[in-house]
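Trainee: Would you mind keeping the following structure in view while I ask a few things?
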């Protein structure tokens, strides 16, 4: 073991904890759907997270240039669409399946940016895994078409989040961008959440559960990742992020009792392998370095 290996254990552990926190938070959020709907859960999570980020970061609105404001707006829109579409997908799909489909977004973006035939092959493998999901045991009706559509929308939005986040980071190298984007995302989803959740959004028990979701899905994972990236190689970080579909499947089993048949497990394994393979073969895995603001 190299001399630097022990120093990498803690940041690796932090990223793995972040991934589990993010996916377990998403699984827990599904328990709110019966009370406030997927849109209500999205709004509650984003609004509470935005309040926390606003208090902690205190974004300096007046100091932003027009270009920075446009970048923050683009990031906020991507964040809102990604989270809303993902939660709507979770309303009808197992979380492991939804995250597996959603992961096509950053994986495809990585292949497009690298322009290597080998990366295209990894994407083809991932697509094969997603197609294989349709042959798994999902009951008499199979995979819900609307759920698959929402997961694909979330995949596109995740790729958009990465592009917008990368551009913004070059003009606003601080937490201001994430805080500002989080506030915009909360405002954009608020009307839909109010319609779906109504007065139940103000129920103390629902608010407490929303706080737990916001902490698990936003505050804790992003804090851990920001700390870990100070010393962790970006390629290692990207490989770890490729484990998200597997972490989501685990969260689904442990939190909400979702069972996965062998075919679905193989499909998830193919997508995870494609994600890891893309990073390992790409010397500059920039497209997969940026963590999403959700699910």
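Trainee: How many residues does the range 214-229 hold that are more than 27 Å from residue 104 (Cβ to Cβ) and without any contact (Cβ under 8 Å) to a residue 60 or more places away in the chain?
Mentor: Selection size over the range 214-229: 1.
Trainee: Counting just the residues of the range 94-124 that are in contact (Cβ under 8 Å) with a residue 24 or more places away in the chain and not in a helix (DSSP H, G or I), which one comes out nearest to residue 33 (Cα to Cα)?
Mentor: Per the stated criteria, the residue is 94.
Trainee: When the range 58-78 is examined, which residues are found to be assigned to a helix (DSSP H, G or I), in contact with a helix residue (DSSP H, G or I) (Cβ under 9 Å, 6 or more places away or on another chain) and modelled with pLDDT under 85?
Mentor: 61, 63, listed by residue number.
Trainee: Taking residue 211, is it in contact (Cβ under 8 Å) with a residue 24 or more places away in the chain, within 14 Å of residue 51 (Cβ to Cβ) and surrounded by 17 or more Cβ atoms within 10 Å (Cβ to Cβ)? Steps first, answer last, please.
Mentor: On the way: in contact (Cβ under 8 Å) with a residue 24 or more places away in the chain: yes; within 14 Å of residue 51 (Cβ to Cβ): yes; surrounded by 17 or more Cβ atoms within 10 Å (Cβ to Cβ): yes.
So residue 211 passes the test.
Trainee: State whether the residues of the range 167-179 include one that is crowded, with 19+ Cβ neighbours inside 10 Å, modelled with pLDDT of 85 or more and within 30 Å of residue 63 (Cβ to Cβ).
Mentor: Kept after step one, since they are crowded, with 19+ Cβ neighbours inside 10 Å, are these residues of the range 167-179: 168, 172, 176-179.
Filter once more, keeping what is modelled with pLDDT of 85 or more: 179.
Pick out the ones that are also within 30 Å of residue 63 (Cβ to Cβ) and you get 179.
Yes, the conditions are met somewhere in the range 167-179.
Okay, residues lined up against (1) within 20 Å of the chain's Cα centre (by Cα); (2) free of Cβ contacts under 8 Å to residues at least 12 places away in the same chain:
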| site | (1), (2) |
| --- | --- |
| 34 | no, yes |
| 59 | no, no |
| 92 | yes, no |
| 126 | yes, no |
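The values are calculated or read from the model by the stated rules, or taken from the named source; none is laboratory data. Since the model is a prediction, treat every value here as computed from it, not as a measurement. Neighbour counts run over all protein chains shown; Cβ positions are idealised from the backbone, glycine included.
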